[in-house]
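Q: This is the structure I have questions about; it appears just below.
The values are calculated or read from the model by the stated rules, or taken from the named source; none is laboratory data. Computed from a predicted model, the values in this text were never measured in an experiment. Cβ sites come from the backbone with ideal geometry, for glycine too, and all protein chains shown count toward neighbours.
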Amino acid sequence: MLNAEYISALSALAGTFVGGFTSIITSLLGHRHQSKAEERLREKTERQALYKNFIQEASTLYIDALEHEQTEIPKFIGIYATINLMRILSSEKVIEEADKVLRMIIETYPKTKKTFQDMSTSKQQDIFDPLRPFSEACRDELG
């Protein structure tokens, strides 16, 4: 039969083991949670950079389309690359809105050219802010 000294020593060892095990598990879970949070932040930052790039390229092409009846196909390389990168990381809604913007830009080239006065008297909101639905989809996704 075990005497009180052995029981006391075994209890102390068991307590130490449980405390150490709990500490290790807590540390591993905390590290895992932190890693996931860092990964989400990295992905969000990457999407933000893609969206910024798309907005800049689309704005430049849209103004070019308002001013000119033709363009050179190489001007579209950047925006096509950006959209295809977004297909990897972004939601369907963001990609759908990006595709609409690109279609609108392409359709604007052959149309009658707009002057600044035409734009200021126009009732069409999309002339002033054709990227708004895209921007709102991005905000919803990143929010």
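Q: Might you check whether a residue that is at pLDDT 95 or above, of a type in the set (Asp, Glu) and assigned to a helix (DSSP H, G or I) occurs anywhere in segment 99-116?
A: There is at least one residue in segment 99-116 that is at pLDDT 95 or above, of a type in the set (Asp, Glu) and assigned to a helix (DSSP H, G or I).
Q: If you don't mind, there's one more thing I want to ask. What is the one condition in (1) surrounded by 15 or more Cβ atoms within 10 Å (Cβ to Cβ); (2) out of contact with any Leu (no Cβ under 7 Å at 6 or more places or on another chain); (3) at pLDDT 90 or above that residue 82 does not satisfy?
A: (2)
Q: Another question about this same structure. Restricting to segment 7-48, and then to whatever is touching a helix residue (DSSP H, G or I) at 6+ places or on another chain (Cβ under 8 Å) and either modelled with pLDDT under 90 or basic (Lys, Arg) (or both), can you tell me which residue is surrounded by the fewest Cβ atoms within 10 Å (Cβ to Cβ)?
A: Selected residue: 44.
Q: Could you list, ordered by first residue, the pairs with Cβ atoms under 7 Å in which the first is in segment 93-113 and over 14 Å from residue 137 (Cβ atoms) and basic (Lys, Arg) and the second is in a loop (DSSP other than H, G, I, E, B) and at pLDDT below 95, at least 6 apart or interchain?
A: Listed pairs, sorted by first residue: 113/69.
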